[in-house]
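Read the structure below first, then the notes.
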Amino acid sequence: MFRAAAQRATKTTFTQSLLHRTTLQSSPPLKTPFRHFSTSPPSSPSPTPTPSSKEAEIRKYIGYTALLLVSGLVTYYSFPLPENAKHKKANFFKYEPLPEDLHTISNWSGSGLSPNGIGLQRNGMVNLALMDKILDVDRENKVVRVQAGIRVQELVDGIKEHGLTLQNFASIREQQIGGIVQVGAHGTGARLPPIDEQVISMKLVTPAKGTIEVSKEKDPELFYLARCGLGGLGVVAEVTIQCVERHELVEHTFVSNIDDIKKNHKKRLAENKHLKYLWIPYTDTVVVVSCNPVSKWKGPPKFKPKYTKDEALQQLRDLYLELLQKYRTVDIKAKSSEDKEQDISELSFTELRDKILAVDPLDKDLVVKANQAEADFWRKSEGYRVGWNDEILGFDCGGQQWVSETCFPSGTLAKPSMQDLEYMEELKQLIQNQKIPAPAPIEQRWTARSMSLMSPASSSVEDALFSWVGIIMYLPTLDARQRKEITEEFFHYRSLTMTRLWDKYSSYEHWAKIEVPKDKDELAALQARLKKRFPVDAYNEARMKLDPNRILSNRVIEKLFPLPQAN
């Protein structure tokens with residue numbers, strides 16, 4: 001659930017959910033040397049050793065000593081200590097020593113779409129970053145075949161010249177195709193399914209069956225299971241994707257309220273190709289963002305903004321300056337002299353929000369003020385934006401943050417159940433009643449169903465509608481104590497939504513954000529709950545056929561889908 005979303009810096013990439021674990025077999029235990037003692041009764045004196053037996057005993061211990069010395073020398077020269085080791089404090093470690101060329105893996109904007117670690121494995125991982133080629137483009141049928149390590153943005157840039165693009169996008173473009181498919185990632189649009197539904201065939205490298213190709217026509221049962229396979233059924237090597245014509249979109253952003261939302265919700269779902277709501281806790285504000293193709297007849301709308309960028313940011317800037325003035329003589333860990341000297345005019349909306357929250361992220365009153373300032377920002381940012389779909393459908397998620405996103409059914413496109421709005425009303429009321437320092441926004445999106453059996457939006461109903469809701473807490477400080485407190489508060493926040501809302505609305509967490517409980521009873525309850533929603537037995541059966549030695553597995557997979565114990 002943790003995602004480093006604002007940095008946008010190039011970082012070491014990895015294919016999320018494409019797991020590889022090096023199978024480690026421990027050597028058999030060494031037999032402990034032992035001596036044979038006399039079996040004579042205690043009262044009988046032991047025979048005096050002869051000179052030859054004494055020499056044999058001495059030779060034996062000399063041999064043991066030599067063996068230890070040789071082993072020590074071999075170990076020393078095989079695994080030399082760094083030059084500065086004698087200056088370091090000795091520490092006991094739980095895992096094997098880390099390699100010197102260890103790389104940091106950053107999730108979310110570093111191409112990793114698995115904030116919960118479902119794509120991580122300490123013992124070894126497959127990195128497909130160099131498998132990033134577009135292999136084939138069928139312009140007529142709008143189909144492309146790519147290596148799974150290619151990033152979304154690289155793919156989109158590469159097929160522009162053919163007039164093609166992807167049907168839908170998640171919030172960012174840095175993810176690798178193999179990973180974004182495997183965890184069931186999604187964009188938004190009541191008629192548009194999650195991204196895995198764009199895949200029409202894929203090539204898997206499996207430990208037991210080698211390289212296999214699956215599609216709707218070839219082994220469809222495995223295809224629909226492995227398309228959103230969480231990396232546990234094979235390393236995704238190649239993906240064939242159904243694309244669409246490249247097109248421009250008009251994004252319309254405006255501020256609404258719950259009464260207007262209820263009145264026009266069904267119409268907005270039906271009429272907009274892409275739609276999302278940004279709910280601002282402790283306010284009546286709901287930001288509506290819709291995106292639709294540019295009209296061939298009317299062209300883009302003509303619109304003159306009422307406010308400038310500076311005017312839109314003014315309330316956030318005022319709040320930030322007020323906080324700086326208030327705490328100028330107070331030693332606050334979240335503020336530094338560098339922060340105070342930075343030109344406030346250079347700070348973006350998300351940067352200002354981070355700096356405001358950094359003063360005290362868990363102060364509910366401060367969070368309320370920040371949310372009110374954010375609501376004012378959106379009110380003064382109403383308007384239109386025109387661009388290509390891969391440019392328009394992105395979203396600046398802000399700084400480092402904890403996230404929990406759930407997916408639940410909301411009726412059908414023809415007949416929405418309106419449970420998606422009921423869910424949000426209950427969630428906002430829960431936040432207020434419990435005085436949760438919940439920052440903005442709570443993002444709500446919609447998708448059509450997926451035919452992938454392990455997708456959170458899986459359904460046999462053709463026009464099934466699903467809503468996705470994400471709650472967050474930012475980590476705007478590097479102070480370890482403060483980050484720990486934010487983490488604890490976030491998991492309290494998540495726990496309240498889980499106990500009050502999830503079962504009531506048949507809501508399940510996104511695979512890339514689901515967390516494995518430490519408590520055994522809670523883990524057992526989660527396993528049972530997942531089994532009600534997903535074909536866990538079929539998934540585990542496929543795992544045993546394709547990966548009997550669990551080479552592709554990791555802690556998350558093993559905990560969520562435990563295999564039957566062998567007799």
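Please find, among ARG494, ARG555, the residue that is open to solvent by 50 Å² or more (accessible area, probe 1.4 Å) and under 19 Å from the mean Cα position of the chain (by Cα). Write out each step before concluding.
Working: ARG494 fails: open to solvent by 50 Å² or more (accessible area, probe 1.4 Å).
Every option except ARG555 fails the conditions.
If only one of LEU275, LEU249, LEU313 is out of contact with any Lys or Arg (no Cβ under 7 Å at 6 or more places or on another chain), touching a residue at least 40 places away in the same chain (Cβ under 8 Å) and within 30 Å of VAL143 (Cβ to Cβ), which one is it? Result: LEU249 is the single residue among LEU275, LEU249, LEU313 that is out of contact with any Lys or Arg (no Cβ under 7 Å at 6 or more places or on another chain), touching a residue at least 40 places away in the same chain (Cβ under 8 Å) and within 30 Å of VAL143 (Cβ to Cβ).
Criterion first (among the basic types (Lys, Arg), within 28 Å of LYS428 (Cα to Cα) and either open to solvent by 70 Å² or more (accessible area, probe 1.4 Å) or at pLDDT 95 or above (or both)) does LYS304 satisfy it? Reasoning before the result, please.
Working: among the basic types (Lys, Arg): yes; within 28 Å of LYS428 (Cα to Cα): no; either open to solvent by 70 Å² or more (accessible area, probe 1.4 Å) or at pLDDT 95 or above (or both): yes.
No.
Taking the criterion of being among the polar types (S, T, N, Q) and either part of a helix (DSSP H, G or I) or surrounded by 21 or more Cβ atoms within 10 Å (Cβ to Cβ) (or both), the residues of the range 429-444 that qualify are GLN429, GLN432, ASN433, GLN444. Among the numbered conditions (1) over 26 Å from VAL359 (Cβ atoms); (2) in a helix (DSSP H, G or I); (3) touching a Phe, Trp or Tyr at 6+ places or on another chain (Cβ under 7 Å), the only one that PHE303 does not meet is (2).
Between ILE280, ILE172, ILE261, ILE180, which is in contact with a Cys (Cβ under 9 Å, 6 or more places away or on another chain) and either touching a residue at least 40 places away in the same chain (Cβ under 8 Å) or not hydrophobic (A, V, I, L, M, F, W, C) (or both)?
Numbers: ILE280 fails: in contact with a Cys (Cβ under 9 Å, 6 or more places away or on another chain); ILE261 fails: in contact with a Cys (Cβ under 9 Å, 6 or more places away or on another chain); ILE180 fails: in contact with a Cys (Cβ under 9 Å, 6 or more places away or on another chain).
Criteria check complete, one pass: ILE172.
Among the residues of the range 505-526, those identified as basic (Lys, Arg) and without any contact (Cβ under 8 Å) to a residue 60 or more places away in the chain are LYS518, LYS520. Of the residues making up the range 381-396, just one is in contact (Cβ under 8 Å) with a residue 24 or more places away in the chain, outside any loop (DSSP other than H, G, I, E, B), open to solvent by 20 Å² or more (accessible area, probe 1.4 Å) and of a type in the set (D, E, K, R), namely ARG385.
Give me a count of the residues in the range 468-492 that are in a helix (DSSP H, G or I) and not hydroxyl-bearing (Ser, Thr, Tyr).
Going through the range 468-492 one residue at a time, the tally reaches 12.
Picking from ASN107, ASN123, ASN116, which residue would you name as being under 21 Å from TYR508 (Cα atoms), open to solvent by 20 Å² or more (accessible area, probe 1.4 Å) and at pLDDT below 95? Talk me through it step by step, then tell me what you get.
Details: ASN107 fails: under 21 Å from TYR508 (Cα atoms); ASN123 fails: under 21 Å from TYR508 (Cα atoms).
Result of the check over ASN107, ASN123, ASN116: ASN116.
Any residue at all in the range 528-541 that is over 17 Å from CYS228 (Cα atoms), touching a strand residue (DSSP E or B) at 6+ places or on another chain (Cβ under 7 Å) and open to solvent by 30 Å² or more (accessible area, probe 1.4 Å)? Looking for residues that are over 17 Å from CYS228 (Cα atoms), touching a strand residue (DSSP E or B) at 6+ places or on another chain (Cβ under 7 Å) and open to solvent by 30 Å² or more (accessible area, probe 1.4 Å), one finds none in the range 528-541, hence no. Counting only residues that are among the β-branched types (Val, Ile, Thr) and farther than 18 Å from VAL469 by Cα, the range 284-296 holds 1 of them. Within the range 185-197, the set of residues being open to solvent by 10 Å² or more (accessible area, probe 1.4 Å) and modelled with pLDDT under 95 comprises THR188, ILE195.
Only one of ARG483, ARG529 is at pLDDT below 95 and either of a type in the set (A, V, I, L, M) or out of contact with any helix residue (DSSP H, G or I) (no Cβ under 6 Å at 6 or more places or on another chain) (or both); which? Steps first, please.
On the way: ARG529 fails: at pLDDT below 95.
Every option except ARG483 fails the conditions.
Select from the range 397-419 the residues that are free of Cβ contacts under 8 Å to residues at least 60 places away in the same chain and in contact with a helix residue (DSSP H, G or I) (Cβ under 9 Å, 6 or more places away or on another chain) and write down the one among them that is most open to solvent (accessible area, probe 1.4 Å). Going through the qualifying residues, I end up with LYS415. One residue stands out in the range 140-165 among those that are part of a loop (DSSP other than H, G, I, E, B) and open to solvent by less than 10 Å² (accessible area, probe 1.4 Å): the one that is nearest to ASN292 (Cα to Cα), namely ILE150.
So in the range 135-156, with the set limited to residues that are within 25 Å of the chain's Cα centre (by Cα) and either acidic (Asp, Glu) or more than 20 Å from CYS228 (Cβ to Cβ) (or both), which one is modelled with the lowest pLDDT? Applying the filter and picking the extreme gives GLN153. Here LYS298 passes the criteria (1) in contact (Cβ under 8 Å) with a residue 60 or more places away in the chain; (2) out of contact with any Lys or Arg (no Cβ under 8 Å at 6 or more places or on another chain); (3) exposed (fewer than 14 other Cβ atoms within 10 Å of the Cβ) except the one numbered (1).
The values are calculated or read from the model by the stated rules, or taken from the named source; none is laboratory data. On a predicted model such as this, the values are computed, not experimentally measured, just so you know. When we count neighbours, we look across all protein chains shown, and the Cβ atoms used for this are built from the backbone with ideal geometry, even at glycine. What goes into the accessible areas is simple: the full protein's heavy atoms, side chains included, and nothing from ligands, DNA or RNA. Shrake-Rupley method; radii C 1.70, N 1.55, O 1.52, S 1.80 Å.
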